[in-house]
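Trainee: Here it is, the structure, as structure tokens.
The values are calculated or read from the model by the stated rules, or taken from the named source; none is laboratory data. None of the values given here were measured: they were computed from a predicted structure. Cβ coordinates were reconstructed from backbone atoms using ideal geometry, including for glycine residues, and neighbour counts include every protein chain displayed.
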Amino acid sequence: MDSNKQNVRETVNTKTKVQHRNFPMVPRVVYGKGSFDQLGDILMPQRKSSEAPCVFLVDDVFEDTDFVTRIPLIFNDRLVFISADEEPKTAQVDALVEKISQDFEELPSGIIGIGGGTLLDLAKAVAIMLNNEGSSADYQGWDLVSKPSVYHVGIPTISGTGAEISRTTVLLGPERKLGINSDYTIFDQVILDPDLTQGVPKDQWFYTGMDCFIHCIESLNGTFLNAFSESHGEKALALCKEVYLGDLDVNESREKLMMASWHGGMSIAYSQVGVAHAMSYGLSYVLGVRHGIGNCLVFQHLEEFYPEGVALFKQMVAQQNIVLPTGITASLSDTDFDTMTRVAMSMEPLWENALGKDWCNTISHAKLKTIYQKI
Ligand code: NAD
Ligand code: ZN
């Protein structure tokens, strides 16, 4: 789940005092084309000694490309290429942490994640686990991390998830797919360089960008909406419309989608996602369908919940000549459908945001199964 525990219901009401949640934000961000080349200067003051390396976790799509020569490696820094073919797992995080701890005598000076949501989430989780005992699976949930993470930097190379600003890292664990939601998850530094998204394949550009669009629709139409979330959600939605329905040149489009992702993430930070994310989570749990495309597959069938959003989505699909796959759930058994609906319905805050406190009376296993069967 890529959303934070809802805030409004966590508010503690007493006779005299209302306690609102106090969220951390990314304290430092550089934005601009070519800004990646400032990374070396940014890291320098963070380096504790020549023995305390910076560890760069980089999407392996960049292996053997010129981009690698721009990564500012010095001393005993380590570059680790990681495939984003599968979404991050707790076992993968634990293995990375063990290897780093074995290979270096000193704690790293920094963990730098370069890639999409997959690499950003891995970097966040590794940074947390280098300073906290046990398995990353122990920390899936809300506010279970007790010690600050190692300094960590997020550098997105594809736009949409908002993982660059969120206080969660979504991991598939032995028992569940759930984020490590904590104040220590948030990046210490983000570099937003729109040029890094140049090589993204068109389908993936659409699916990950639609994650942002769906964040906006779910946040703006949710019962948890507030002025903070609305202001970010509206801006992100307007940018998504420019990118997917407008006539921008490619540079402008990259820049605007990067900022849409940021604002979309800010919007759900102080509200919540909704039906599409709850159902996409079920789809992903049973079939391993990835986040962006999973959201799209579900969202196209949610006219009942988000009529205007779904109409806009279909316009974007048509304008961008995207052909969504079909027959995804065709061979599933009743047991599979049961698991899928159970997992989706367990996302209570998402349903409450989408449909209000009485959501249980609107939604049923049978209804969700009917929607899943259309996919
Ligand atoms: P991704 O990181 O999974 O990457 C998708 C594909 O794009 C991969 O094949 C990758 O190699 C490729 N790619 C990335 N940058 C590229 C580039 N510049 N050129 C060419 N190819 C490139 O994609 P994503 O959609 O950004 O992330 C999905 C993940 O993010 C999921 O694991 C999801 O759970 C997570 N997520 C996290 C949050 C959060 O707040 N932490 C929010 C939403 C989603
Ligand atoms: Zn999402």
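Per-residue answers, yes or no, for (1) polar (S, T, N, Q); (2) in a strand (DSSP E or B):
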residue	(1), (2)
Val93	no, no
Val97	no, no
Gln102	yes, no
Glu105	no, no
Ile114	no, yes
Leu119	no, no
Asn131	yes, no
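Trainee: Are any of the residues in the range 73-80 more than 16 Å from ligand 1 (Cβ to nearest atom), under 14 Å from His152 (Cβ atoms) and β-branched (Val, Ile, Thr)?
Mentor: No, every residue in the range 73-80 fails to be more than 16 Å from ligand 1 (Cβ to nearest atom), under 14 Å from His152 (Cβ atoms) and β-branched (Val, Ile, Thr).
Trainee: Looking at Val273, Val250 in this structure, which one is among the β-branched types (Val, Ile, Thr), more than 15 Å from ligand 2 (Cβ to nearest atom) and out of contact with any strand residue (DSSP E or B) (no Cβ under 9 Å at 6 or more places or on another chain)? Reasoning before the result, please.
Mentor: Working: Val273 fails: more than 15 Å from ligand 2 (Cβ to nearest atom).
The match here is Val250.
Trainee: For the range 145-156, state whether one or more residues are farther than 23 Å from Gln272 by Cα and aromatic (Phe, Trp, Tyr).
Mentor: Checked the range 145-156: at least one residue is farther than 23 Å from Gln272 by Cα and aromatic (Phe, Trp, Tyr).
Trainee: Within the range 219-229, can one find any residue that is surrounded by 24 or more Cβ atoms within 10 Å (Cβ to Cβ), modelled with pLDDT of 95 or more and within 29 Å of Phe62 (Cβ to Cβ)?
Mentor: No, that holds for no residue.
Trainee: From Glu175, Glu164, grab the single residue that is closer than 18 Å to Ala95 by Cα and either within 16 Å of ligand 2 (Cβ to nearest atom) or among the charged types (D, E, K, R) (or both). It would help to see each step written out before you state the result.
Mentor: Numbers: Glu164 fails: closer than 18 Å to Ala95 by Cα.
Checking each option against the conditions leaves just Glu175.
Trainee: Of the numbered conditions (1) within 16 Å of the chain's Cα centre (by Cα); (2) of a type in the set (Gly, Ala, Ser); (3) farther than 15 Å from Gly265 by Cα, Ser219 fails exactly one; give the number of that condition.
Mentor: Of the numbered conditions (1) within 16 Å of the chain's Cα centre (by Cα); (2) of a type in the set (Gly, Ala, Ser); (3) farther than 15 Å from Gly265 by Cα, the odd one out for Ser219 is (3).
Trainee: Looking at the range 19-39, which of its residues are surrounded by 14 or more Cβ atoms within 10 Å (Cβ to Cβ) and within 27 Å of Val93 (Cβ to Cβ)? Steps first, answer last, please.
Mentor: Quick first cut of the range 19-39, residues surrounded by 14 or more Cβ atoms within 10 Å (Cβ to Cβ) only: 21, 23, 26, 29-31, 35-36, 38-39.
Residues satisfying the conditions are Arg21, Phe23, Val26, Val29, Val30, Phe36, Leu39.
Trainee: Working only within the range 155-181, note down all residues that are free of Cβ contacts under 8 Å to residues at least 60 places away in the same chain and either in contact with a Gly (Cβ under 9 Å, 6 or more places away or on another chain) or more than 24 Å from Val343 (Cβ to Cβ) (or both).
Mentor: Once the filter is applied, which keeps residues that are free of Cβ contacts under 8 Å to residues at least 60 places away in the same chain and either in contact with a Gly (Cβ under 9 Å, 6 or more places away or on another chain) or more than 24 Å from Val343 (Cβ to Cβ) (or both), the range 155-181 yields Ile158, Ile180.
Trainee: When the residues of the range 58-82 are filtered to those that are part of a helix (DSSP H, G or I) and among the β-branched types (Val, Ile, Thr), which remaining residue is surrounded by the most Cβ atoms within 10 Å (Cβ to Cβ)? First the steps, then the outcome.
Mentor: In the first step, residues of the range 58-82 are kept if they are part of a helix (DSSP H, G or I); the result is 60-62, 66-70.
If we keep only those that are among the β-branched types (Val, Ile, Thr) too, we end up with 61, 68-69.
Details: Val61: 20, Val68: 14, Thr69: 7.
Among those residues, the one meeting the criterion is Val61.
Trainee: Moving on. Given the conditions (1) closer than 24 Å to Ser35 by Cβ; (2) crowded, with 23+ Cβ neighbours inside 10 Å, which single one is not true for Lys235?
Mentor: For Lys235, the exception is condition (2).
Trainee: If a residue has to be farther than 25 Å from Phe36 by Cβ and out of contact with any strand residue (DSSP E or B) (no Cβ under 9 Å at 6 or more places or on another chain) to count, how many in the range 130-171 make the cut? If you could, list the steps in order and put the result at the bottom.
Mentor: Residues of the range 130-171 farther than 25 Å from Phe36 by Cβ: 131-148, 171.
Then keep just the ones that are out of contact with any strand residue (DSSP E or B) (no Cβ under 9 Å at 6 or more places or on another chain); that gives 131-135, 138, 146-148.
The number of residues fulfilling the criteria is 9.
Trainee: Considering each residue of the range 25-57, count those that are in a helix (DSSP H, G or I) and among the hydroxyl-bearing types (Ser, Thr, Tyr), and give that number. Lay out the reasoning, then the answer.
Mentor: Residues of the range 25-57 in a helix (DSSP H, G or I): 35-46.
Add one more test, that the residue is among the hydroxyl-bearing types (Ser, Thr, Tyr), and what stays is 35.
Total satisfying the criteria: 1.
Trainee: Considering only residues that are under 21 Å from Phe187 (Cβ atoms), of a type in the set (D, E, K, R) and at pLDDT below 95, which ones fall in the range 9-63?
Mentor: Scanning the range 9-63 gives a single hit, Arg21.
Trainee: While we're here: Mind telling me which of the residues Ile112, Ile158 ends up being under 24 Å from Ile42 (Cα atoms) and touching a helix residue (DSSP H, G or I) at 6+ places or on another chain (Cβ under 6 Å)? Walk me through how you get there before you give the answer.
Mentor: Working: Ile112 fails: touching a helix residue (DSSP H, G or I) at 6+ places or on another chain (Cβ under 6 Å).
Within the list Ile112, Ile158, the selection yields Ile158.
Trainee: Could I ask something else about it? Could you count how many residues in the range 149-198 are more than 22 Å from Ile214 (Cα to Cα), within 10 Å of ligand 1 (Cβ to nearest atom), of a type outside the set (A, V, I, L, M) and crowded, with 22+ Cβ neighbours inside 10 Å?
Mentor: 2
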